[in-house]
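Engineer: Take this structure, written in C-alpha cells, and hold onto it; I'll ask about it next.
The values are calculated or read from the model by the stated rules, or taken from the named source; none is laboratory data. The structure presented is a predicted model; accordingly, all values stated were derived computationally and were not measured. Here the Cβ is made from the backbone with ideal geometry for all residues, glycine too, and neighbour counts use every protein chain on show. Remember, those area values only see protein heavy atoms, side chains included, never the ligands or the DNA or RNA. Shrake-Rupley method; radii C 1.70, N 1.55, O 1.52, S 1.80 Å.
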Amino acid sequence: AAAAATPAPPSTASEASPLRGDARRSRRAPIVHRRKTIITNLLQFSPLLAVVLMTRSSGMSVDGLSSPSPARFVGFDLGTSGARMSVIERSSSSSSGSGGSKYTEIHSDSILWSKEGDGREGGNDGGGGSYDDAEAWEDAVRTLLGRASSSSASASSSSSSSSDGSSAAPPHDDLLSSVRSICVSGTSASCLIVDAKDAGRIVRPARMYDYDVVARSQSSSSGGDPSHALRAMDLLDRYAPPQHTARARTGALAKLLAWHCESPLRRGEVLCHQADYVTMRLASDPKKCGSGPDNVRAISSDWHNCLKLGYDVRELEWPEWMISCLEDKDGAGLEDALSVLPSRVVSPGEPIGTISASVASEYGLPSNCMLVGGTTDSNAAFFAAAGADPKFGTAVTSLGSTLAIKQLSSNFVEDADRGVYSHRFPVFANGGGGGGKDGDDDDDAAEEEEGESEAWLIGGASNVGCAVLRQQGFSTDELLTLSERIDPSSDSPLSYYPLTKTGERFPDADPDRQPRLEPIPDDRSEYLHGLLQGIGDVEREGYRVLGDLGAVPPLPVRVLSCGGGARNAMW
C-alpha cells in the first residue's frame, strides 16, 4: 500500500502502466524532464553498492508513508566480472545535519560470470554463465532473488541488534516483502536485439561494452564480412556530429547499424541494453500461446544507457540527425527509426512499471513493487560512492576488471576521439543534484528554483584494469603478499600499458593500441608495482584529458575509489 501511494504526475499518467502493450510513439521521449521539472523524483542510493534506488514522491518522502515493515529497495549491478544484488532499508537514525536519510545495506550477494563457455556453463560462486549471454543475466538475477527469498531460517536469529548497535539483517524469509522498487545497472553500450512482438525473445545475441564492430568483423574467428561494419561506420561519419560519443566503434549505435547492415532489421526487432533487458524480463509474465497483444513487450531505457545510442541528453529526445541516419534512403533506410529504439527513455530512478505477477509471487515481492529507470555500472558506482549531493569536482575511480573514471562538472564535454562523454546528473527531490558549495546554499537554492542548474558526470572507461593481474597469473594471496613489499613513495622504472588485448577506449580511443607488458623482471613484486603504476598512469592521464577538454573544475578536488582494486591499500 505504501509503494502504491506514489502517483505519477498527471502529464505522465498514461505512461505509468507496466512494460507491456503499445508505447507512445514520439521522437521526443514520452517523459521529458527539463530543469526544475526533473525534481519530481526522490532517489536514494546504497552506500555500499553500485545501485540506484528510488521512490516517487509528491511532496512526500519515505518517512511519510505508513507501512508495517521498513521500506526496502533492491539494486542489481551487472558488471564486467559478475552480478551483484543489494538490499537496503531506512535506518532508525537520520544523518545528522544533512537533512537526508541514512540507509543500511541488510543483504548482499553476488555471482561471478564464468571465464569462458557458451553462457550455460556454471562459473565461480554458484555459476553465473557467460558475461555476454543475456539468458545468463536473467538467470543470475533470478538466482540472487531466490537466494534472498529462501535463505536458511537460521538468519532470523541475527535479527537482534549487532554488537556495534547497528541493525542486523532481518529474517530472510521476509526480506523482500516490503521492497518498494528495483533498479538495474549494466555495462555501458552492452546491448542485444529482441523481438518486442514475441515476448522479448532474443533474436541477435549481445554485443558487449568492448565489442568493436570493425575490429571484430576483421578478426579471423568472426567469419563476418568487414564491409558491413565499414558501412555502419560510414553512416556514423556522415550523420553523427563531430566528436559525438555515438561515433565510437564500440557504441550502441554502431552495433545497431552493423546489425542492420549484416541483415536488415525486421518488424518487431528492437535494440535493448543490458539493464533494459533484465528490467523487461522482471516486468514480464511467461509468454502466452499465439502472437496476440499479451506477448508484446515495450522496451524502456534511461538517459545513461541511451547516451551511446545517440540520445540527446541535453534536449532529452532522439535527435534529428539520428532519425535521418536510420531512415534516409542514403542512410540505413528503415521505414520507422523509432520502431527499433527503446520506446521510453526516463531519468535514472524514475518509475517505468511494476514487476510481473509471476515474479512477485515466486520471490515474495509486493505486487506493486516498482521497476525504475536504471543506469550504467560506472555511473552507479559514482552514486554509491559520492551520494546524491556531491560537490563539483568530486570524482570516482572504479577499479574493476577495467578502469572507469567519472567527475562531476558544471558543463558538458565530449570527444569521441578521446573516449570522453557526459551523462546528465539527475536532480533529486531530497536536495541533491550536484554542485553544492559550502556557504552558498541560498544562491544554489535560487539558481535551482529558476531551473538553470545543470550537472554532468563526465568521464570515460579504459580497457586497462584488474583483469590484467589475473591474466599475468597473480593469485589473491600473491597480490596481498607482494603488495606489502611495494614502496609507494618510489616510482617503478617499468613503463607498462597494461591492456589484456589489443584496443583502447579511453583516454585515447585507439582500436590498434597494443598491450605493453615487458620487460618482465625476475622479482614478481617489482612486476606488480609496475602494473599497478601503469594503471595509475592511465587514471591520471584520464583526469588530465577531462580538464583539457573543458571540465569545470579542470581537475578533481576529491577522488574516491571503488571496485575490487580499491581494497588494495598499497595501490
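Engineer: Considering only residues of segment 510-530 that are within 27 Å of the chain's Cα centre (by Cα) and within 27 Å of Ala395 (Cβ to Cβ), which is most open to solvent (accessible area, probe 1.4 Å)?
Structural biologist: Selected residue: Arg513.
Engineer: Right, another one. Within segment 385-398, track down each residue that is modelled with pLDDT under 95 and over 15 Å from the mean Cα position of the chain (by Cα).
Structural biologist: Correct list: Ala386, Gly387, Ala388, Asp389, Pro390, Lys391.
Engineer: In the list Ala298, Ala252, Ala283, Ala258, which residue meets the criterion of being at negative phi and within 18 Å of the chain's Cα centre (by Cα)?
Structural biologist: Sole residue among the options that is at negative phi and within 18 Å of the chain's Cα centre (by Cα): Ala252.
Engineer: On to the next question. Of the conditions (1) assigned to a helix (DSSP H, G or I); (2) modelled with pLDDT under 95, Ser525 satisfies every one except a single condition; which number is it?
Structural biologist: The failed condition is (2).
Engineer: Only one residue in Val545, Val552 is at pLDDT 95 or above and outside any helix (DSSP H, G or I). Which one?
Structural biologist: After applying the criteria, what remains is Val552.
Engineer: With touching a helix residue (DSSP H, G or I) at 6+ places or on another chain (Cβ under 6 Å) and either over 30 Å from Ser217 (Cβ atoms) or modelled with pLDDT of 95 or more (or both) as the only criterion, which of Leu494, Leu517, Leu532, Leu480 stands out?
Structural biologist: Values: Leu517 fails: touching a helix residue (DSSP H, G or I) at 6+ places or on another chain (Cβ under 6 Å); Leu532 fails: touching a helix residue (DSSP H, G or I) at 6+ places or on another chain (Cβ under 6 Å); Leu480 fails: touching a helix residue (DSSP H, G or I) at 6+ places or on another chain (Cβ under 6 Å).
So the residue among Leu494, Leu517, Leu532, Leu480 that is touching a helix residue (DSSP H, G or I) at 6+ places or on another chain (Cβ under 6 Å) and either over 30 Å from Ser217 (Cβ atoms) or modelled with pLDDT of 95 or more (or both) is Leu494.
Engineer: In addition: Within segment 202-226, which residues are open to solvent by 60 Å² or more (accessible area, probe 1.4 Å) and at pLDDT below 95?
Structural biologist: Arg216, Gln218, Ser220, Ser221, Gly223, Asp225
Engineer: Hey, can you tell me all the residues within segment 322-332 that are open to solvent by 10 Å² or more (accessible area, probe 1.4 Å), part of a helix (DSSP H, G or I) and touching a residue at least 60 places away in the same chain (Cβ under 8 Å)?
Structural biologist: Step one: of segment 322-332, the residues open to solvent by 10 Å² or more (accessible area, probe 1.4 Å) are 324, 327-330, 332.
Okay, now just the ones that are also part of a helix (DSSP H, G or I), so 324, 327.
Selection gives Ser324 alone.
Engineer: Six or more apart or on different chains, Cβ under 7 Å: which pairs go from a residue in segment 175-191 that's farther than 18 Å from Arg142 by Cα to one that's among the aromatic types (Phe, Trp, Tyr)? Could you list them?
Structural biologist: If the second residue must be among the aromatic types (Phe, Trp, Tyr), the pairs left are Thr187/Tyr209; Ser188/Tyr209; Ala189/Tyr209; Ser190/Tyr209.
Engineer: Residues in segment 335-371 that are surrounded by fewer than 18 Cβ atoms within 10 Å (Cβ to Cβ), at negative phi and touching a helix residue (DSSP H, G or I) at 6+ places or on another chain (Cβ under 6 Å): how many?
Structural biologist: Within segment 335-371, residues that are surrounded by fewer than 18 Cβ atoms within 10 Å (Cβ to Cβ), at negative phi and touching a helix residue (DSSP H, G or I) at 6+ places or on another chain (Cβ under 6 Å) number 1.
Engineer: Still on this structure, I have one more. All but one of (1) over 23 Å from Thr80 (Cβ atoms); (2) within 21 Å of the chain's Cα centre (by Cα); (3) of a type in the set (A, V, I, L, M, F, W, C) hold for Cys306; state the number of the condition that does not hold.
Structural biologist: Here Cys306 meets the rest and fails (1).
Engineer: Looking only at segment 476-511, count how many residues are over 21 Å from Gly459 (Cα atoms), in a loop (DSSP other than H, G, I, E, B) and not aliphatic (A, V, I, L, M).
Structural biologist: 14
Engineer: Out of segment 173-193, which residues are among the aliphatic types (A, V, I, L, M) and touching a helix residue (DSSP H, G or I) at 6+ places or on another chain (Cβ under 7 Å)?
Structural biologist: Leu175, Leu176, Ile182, Val184, Ala189, Leu192, Ile193
Engineer: If we scan segment 157-174, do we find a residue that is buried (at least 21 other Cβ atoms within 10 Å of the Cβ) and at pLDDT 90 or above?
Structural biologist: No, segment 157-174 contains no residue that is buried (at least 21 other Cβ atoms within 10 Å of the Cβ) and at pLDDT 90 or above.
Engineer: Condition test on Ser188, is it surrounded by 24 or more Cβ atoms within 10 Å (Cβ to Cβ), part of a loop (DSSP other than H, G, I, E, B), modelled with pLDDT of 90 or more and touching a strand residue (DSSP E or B) at 6+ places or on another chain (Cβ under 6 Å)?
Structural biologist: Considered against the rule, which asks whether it is surrounded by 24 or more Cβ atoms within 10 Å (Cβ to Cβ), part of a loop (DSSP other than H, G, I, E, B), modelled with pLDDT of 90 or more and touching a strand residue (DSSP E or B) at 6+ places or on another chain (Cβ under 6 Å), Ser188 comes out as yes.
Engineer: Could I ask something else about it? Please determine whether any residue of segment 219-241 is basic (Lys, Arg) and in contact with a Lys or Arg (Cβ under 6 Å, 6 or more places away or on another chain).
Structural biologist: No, segment 219-241 has no match at all.
Engineer: Select from segment 493-517 the residues that are farther than 26 Å from Arg567 by Cα and of a type in the set (D, E, K, R) and list them in ascending order.
Structural biologist: Scanning segment 493-517 gives Asp508, Asp510, Asp512, Arg513.
Engineer: Within segment 462-509, how many residues are within 21 Å of Val545 (Cα to Cα), open to solvent by 50 Å² or more (accessible area, probe 1.4 Å) and within 27 Å of the chain's Cα centre (by Cα)?
Structural biologist: Here the count works out to 1.
Engineer: Write out, first by first residue and then by second, each pair whose Cβ atoms fall under 8 Å of each other, whose residues are 6+ apart or on separate chains, and whose first residue, in segment 533-558, is in contact (Cβ under 8 Å) with a residue 12 or more places away in the chain and on the phi > 0 side of the Ramachandran plot while the second is among the aliphatic types (A, V, I, L, M) and buried (at least 20 other Cβ atoms within 10 Å of the Cβ).
Structural biologist: Gly550/Val413
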